[in-house]
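Peer 1: Quick one: this structure, given as C-alpha cells, is what I'll be asking you about.
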Amino acid sequence: MNGRLSSLDRLLPVWILLAMAAGLALGKLVPGIGSALDSIKVADVSLPIAIGLLVMMYPVLAKVRYNETGGVLGDRRLMIASLLINWVAAPAFMFALAWAFLPDLPEYRTGLIIVGLARCIAMVLIWNDLACGDREAAAVLVAVNSVFQVVAFGALGWFYLQILPAWLGLPTTSAEFSVWAIMLSVLVFLGIPLLAGYLTRTLGEKAKGRAWYEEKFLPKLGPWALYGLLFTIVILFALQGDAVLSKPWDVARIVLPLLVYFAVVFFAGLLLGRALGLGYARSTTLAFTGAGNNFELAIAVSIATFGVTSGQALAGVVGPLIEVPVLVALVYAALWLRPKLFASPAPAPAPLIKENA
C-alpha cells in the first residue's frame, strides 16, 4: 500500500465545498427547513445530523481489527501523551486563546471554552483514516476520551469557567452541565457505531474469513463514510448557515482562535509523536485525536445551558463549520509531511475508498 488517497478521496475538498454550498442554498431556498430539520432531536442534536454521523462512523469502525487493540493499550507513550494533550494541554490552550482573542465577548468566549472541553469521539475517525493513521489506535483513543468525557467534562467546565478565572482576577461564568446529556452523547455518537462495527467485523470474519471481509466487503462499505460526512455537512449548513452569514464579523472573531487552536494542537501532537518514536501512523492518530472536538456535545451543552440563540451556541456551531475544512487540509499536510518527518513509515491502512487495480 502506498498510503495515497484514492481518486475520490483526493477530491474530498471539492465535495465538501459543494456540500457547504448545497446546505447554504437549501437553507435559503426552502423557508422553514432549519426548524423542520431541528424539530426532532437525539441528545439535543438534530436527528438528521445524528443519522449522518452514524452513517459516517460505522464504516470506519467496521474496518478496525478489534483483536489488535490490546497492543494500543499497552503503548504507554501513546496513552499518556493522548491523555495529556486531550485533557490538560488542549483545554488550557483553548482557554488562553478564548481570552486572548475574545476578551470583550464573554458569550463567544464561553462557547469556545466549552468546545475545547469536548474532546473528539466521532468525526476524528474519518480524518485519521484519510491520513492513513492507526485505525486501531484511533478506536481505542476515542473510547478513552469517551470515558474521560463522562467523568471529567463537568469538573473541567467548573474549573475553566469559574475557578481559574477567579484565580486570575477575571470574570467568571456560571454553568451547569448535565452528566446524563454527556453520557447520552457518548452512547449515541460512539456507542452505537462502535457496537455495530465490532459486530460486523466479528460476524463477517466468522462467516466468510478475514480475506473476504477486507478485500470484498469493506471496499463496498467504505464509500458510505464519505456519503455520511457530506450529508452531515449539508445538514449543518442548512441548519446553521443563515445564522453564520447574518453575523460575519462575529464569526470571523470566533474563527481566528479556532484556526490557531487546530493548527497548533495538530502539529504539536504530530511532532510529539515523532519525538516519542511512535511512527507516522500513531503520531498522526495522536495529532488528530488531540486537535478534533466533539462538536455534537459542545452544541448540545451550549444550547441546553444558554439557549439556542445564545452566543455560546453560535460559537459551538462555528466550531464544526471551520473544523471540517481545516482538518481536511491537515489530512493533506500530514500526508505531505510523512516522508519528511518519518523516514521509514509503517505500512498504512487502506484509504476509505479502494481504487480498482
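Any read-out appearing in this document is the output of simple, stated calculations on the displayed coordinates, not a laboratory observation. Fair warning: this is a prediction, and the values are worked out from it, not measured in the lab. Note that we place each Cβ from the backbone using ideal geometry, even for glycine, and neighbour counts take in every protein chain shown.
Peer 1: I want to check the label-to-label distance for Leu271 and Leu341. Put each point 7 Å from Cα in the C-beta direction and report it in nm to one decimal.
Peer 2: Placing both labels 7 Å beyond Cα along the Cβ direction yields 0.9 nm.
Peer 1: Using Stokes-Einstein with the Kirkwood hydrodynamic radius over Cα pairs, what translational diffusion coefficient do you get for the range 43-137 at 20 °C and a viscosity of 1.002 mPa s, in µm²/s rounded to a whole number?
Peer 2: It comes out at roughly 136 µm²/s.
Peer 1: In which sequence would Ile254, Ile182 go, from the one with the fewest C-beta neighbours within 10 Å to the one with the most?
Peer 2: Going from least to most buried by this count: Ile182, Ile254.
Peer 1: By how many degrees, between 0 and 90 and to the nearest 10, does the Cα long axis of helix 279-291 differ from the longest principal axis of the chain?
Peer 2: The angle comes out at about 20 degrees.
Peer 1: Once R0 is set to 45 Å, what does the formula 1/(1 + (r/R0)^6) return for the Cβ-Cβ distance between Lys28 and Thr69, expressed as a FRET efficiency to the nearest 0.05?
Peer 2: Working: r = 45 Å, r/R0 = 1.00.
That gives a FRET efficiency of 0.50.
Peer 1: Hey, another quick one. Among the lysines, select those whose C-alpha is under 20 Å from the C-alpha of Lys28, and discard any that sit fewer than 8 residues away in the same chain.
Peer 2: Cα-Cα hits under 20 Å: Lys247.
Peer 1: Show me the ranking of peptides 18-25, 185-192, 317-324 by mean Cβ neighbours inside 10 Å, starting with the highest.
Peer 2: Packing proxy ranking, top to bottom: 317-324, 185-192, 18-25.
Peer 1: Which FRET efficiency value, to the nearest 0.05, is calculated for Leu187 and Ser246 with the Förster distance at 35 angstrom and r the Cβ-Cβ distance?
Peer 2: 0.55
Peer 1: By the scheme Lys and Arg +1, Asp and Glu -1, what is the net charge of all other residues having a beta-carbon under 13 Å from that of Phe288? Walk me through the intermediate numbers first.
Peer 2: Details: positive: Arg119, Arg135, Arg282; negative: Asp129, Asp134, Glu323.
Residues near Phe288 contribute 0 overall.
Peer 1: Let me ask something else about it. Within 10 Å of each residue's Cβ, count the other Cβ atoms and sort Asp242, Asp134 from fewest upward. Spell out each step's value before the answer.
Peer 2: Values: Asp242 13, Asp134 27.
So the ranking, lowest neighbour count to highest, is Asp242, Asp134.
Peer 1: As I understand it, the value is the acute angle between the Cα axis of helix 90-101 and the longest principal axis of the Cα atoms of the chain; what does it come to in degrees, rounded to 10?
Peer 2: 40
Peer 1: Here is a follow-up. State, to one decimal in nm, how far the label point of Leu18 lies from the label point of Ser35, with both points 7 Å from Cα in the Cβ direction.
Peer 2: Going from the Leu18 label point to the Ser35 one covers 3.3 nm.
Peer 1: Please give the charge dipole size of the chain, origin at the Cα centre, charges +1 on K and R Cβ atoms and -1 on D and E Cβ atoms. Round to the nearest 20 debye.
Peer 2: That gives the chain a dipole magnitude of about 940 debye.
Peer 1: Regarding the chain, what is the average projected area of its C-alpha convex hull, in nm²? Walk me through the numbers on the way to the answer.
Peer 2: Numbers: hull surface 69.2 nm².
Hull-based average projected area comes out at 17.3 nm².
Peer 1: Ranking Phe306, Phe288 by Cβ neighbours within 10 Å, fewest first, what do you get?
Peer 2: Phe306, Phe288
Peer 1: While we're looking at this one, here's another question. Could I have the simple spin-label model distance between Trp158 and Tyr227, label points 7 Å from Cα toward Cβ, reported in nm to one decimal?
Peer 2: Reported label-point gap for Trp158 and Tyr227 is 4.6 nm.
Peer 1: Can I ask one more? Taking amide H positions as placed 1.01 Å from N in the peptide plane, with prolines and chain starts having none, which residues 5 or more places from Lys41, or on another chain, fall under 5 Å of its amide H?
Peer 2: Leu47
Peer 1: If I stretch the segment between Val88 and Trp212 completely, what's the gain in nm (0.36 nm per residue apart, minus their alpha carbon distance), one decimal?
Peer 2: That works out to 40.4 nm of additional length.
Peer 1: What 222 nm value per residue comes from the helices of the chain, counting each DSSP H run with n ≥ 4 as -39,500 (n - 2.57) and dividing by all residues, nearest 500 deg cm²/dmol? Don't jump to the answer; show the numbers that get you there.
Peer 2: Numbers: 19 runs with 252 residues, N = 357.
Mean residue ellipticity at 222 nm (helix-derived): -22500 deg cm²/dmol.
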